Amino acid sequence: MAQDMTLLWGSGSPPCWRVQVALEEKQVKGYKDKLLSFEKMEHKSQEVMEMNPRGQLPAFKWGDKVLNESYAACLFLENQSQFKSQGTNLTPDCPNELALMYQRMFEGFTLGQKAGMVIYYNYLVPEGERHESAVKRNREALSAEVKLWEGYLEKVKGDFMAGRSFTMADVCFFPNIAYLFHFGLCEKRYPKLAAYYNRLKTRPSIKTSWPTTWLSNPQKSDLLKDI
């Protein structure tokens with residue numbers, strides 16, 4: 001079963017990481033995985049393009065089924081009958097928690113998008129089209145977004161995004177917030193998010209799949225220290 005799975009991934013990529021966490025939580029062992037280098041442009045290789053014509057990672061294949069969108073891959077794994085009684089149940093039985101799980105899970109897209117517009121602004125925008133006003137606007141938008149998530153954790157009844165149990169919301173959200181702290185987000189300014197991050201980073205599924213490139217370089221920069 002798992003022998004029919006292939007995961008092509010890049011270190012430090014939140015989409016790749018969430019698929020790895022989901023696989024660990026569901027105790028899927030023996031699948032083929034291959035670490036590729038973004039710096040060497042290996043995500044544009046023929047091997048990747050055959051699975052994902054967008055030339056992006058992750059590229060995940062199970063038999064003849066290809067799921068390259070990380071949220072889709074995670075949900076597909078969770079909903080397969082052979083994994084229902086295996087590992088962690090990532091979809092809560094309580095309707096209220098289930099609704100909150102889906103809300104936070106998909107709401108995380110916005111955080112990732114706004115973070116990308118700050119972290120990768122110079123990469124995404126040609127030099128002649130860059131403006132300080134846009135940089136300021138992007139940073140303000142990210143600051144407002146992070147404050148929103150800090151508020152969510154202040155209100156939730158439990159240690160996790162959707163309540164008292166670790167769910168798919170955490171699988172999808174944790175890599176995003178870990179990425180922000182990796183780029184210097186201030187823990188003192190966001191105590192609830194910092195506590196959540198420090199609590200979950202020791203969880204076996206997360207610790208086992210921790211980005212290899214972060215082990216020798218725990219904080220990439222202080223780009224987000226003022227957010």
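Out of Lys84, Lys26, Lys34, which single residue is closer than 30 Å to Tyr120 by Cα and of a type in the set (Lys, Arg)?
Going through Lys84, Lys26, Lys34 in turn, the sole match is Lys34.
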**Report entry** Among (1) assigned to a helix (DSSP H, G or I); (2) within 19 Å of the chain's Cα centre (by Cα); (3) surrounded by fewer than 21 Cβ atoms within 10 Å (Cβ to Cβ) - the single one Phe174 does not satisfy
**Finding:** (3)
Query raised in the report: In region 94-101, is there at least one residue being of a type in the set (Asp, Glu) and touching a helix residue (DSSP H, G or I) at 6+ places or on another chain (Cβ under 7 Å)?
Result: no
Query raised in the report: Hey, His43 hits all of (1) surrounded by 14 or more Cβ atoms within 10 Å (Cβ to Cβ); (2) over 22 Å from Tyr179 (Cα atoms); (3) not hydroxyl-bearing (Ser, Thr, Tyr) but one; which does it fall short on?
Result: (2)
Query - Residue within region 207-225 that is surrounded by 21 or more Cβ atoms within 10 Å (Cβ to Cβ) and closer than 17 Å to Lys114 by Cβ present - result: yes
Query - Unique residue being closer than 24 Å to Ala2 by Cβ, at pLDDT 95 or above and β-branched (Val, Ile, Thr) when the list is Thr91, Thr110 - result: Thr91
Query - Those helices (runs of 4 or more DSSP H) lying entirely in region 50-152 with at least 1 residues closer than 24 Å to Lys220 by Cα, touching a residue at least 40 places away in the same chain (Cβ under 8 Å) and under 18 Å from the mean Cα position of the chain (by Cα) - result: 70-78, 95-119
**Report entry** Within region 73-88, considering residues that are surrounded by fewer than 18 Cβ atoms within 10 Å (Cβ to Cβ) and not hydroxyl-bearing (Ser, Thr, Tyr), the one nearest to Ala2 (Cα to Cα)
**Finding:** Gln82
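Looking at the structure I just gave you, is Lys207 without any contact (Cβ under 8 Å) to a residue 24 or more places away in the chain and charged (D, E, K, R)?
In short, yes.
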Query raised in the report: Would you pick out the residues in region 7-30 that are surrounded by 23 or more Cβ atoms within 10 Å (Cβ to Cβ), in a helix (DSSP H, G or I) and more than 13 Å from the chain's Cα centre (by Cα)?
Result: Leu23, Glu25
Query raised in the report: With respect to Leu185, is the statement that it is outside any loop (DSSP other than H, G, I, E, B) and modelled with pLDDT of 95 or more true?
Result: no
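The values are calculated or read from the model by the stated rules, or taken from the named source; none is laboratory data. These figures come from a predicted structure and were not determined experimentally. Cβ atoms come from the backbone with ideal geometry, glycine included; neighbour counts cover every protein chain shown.
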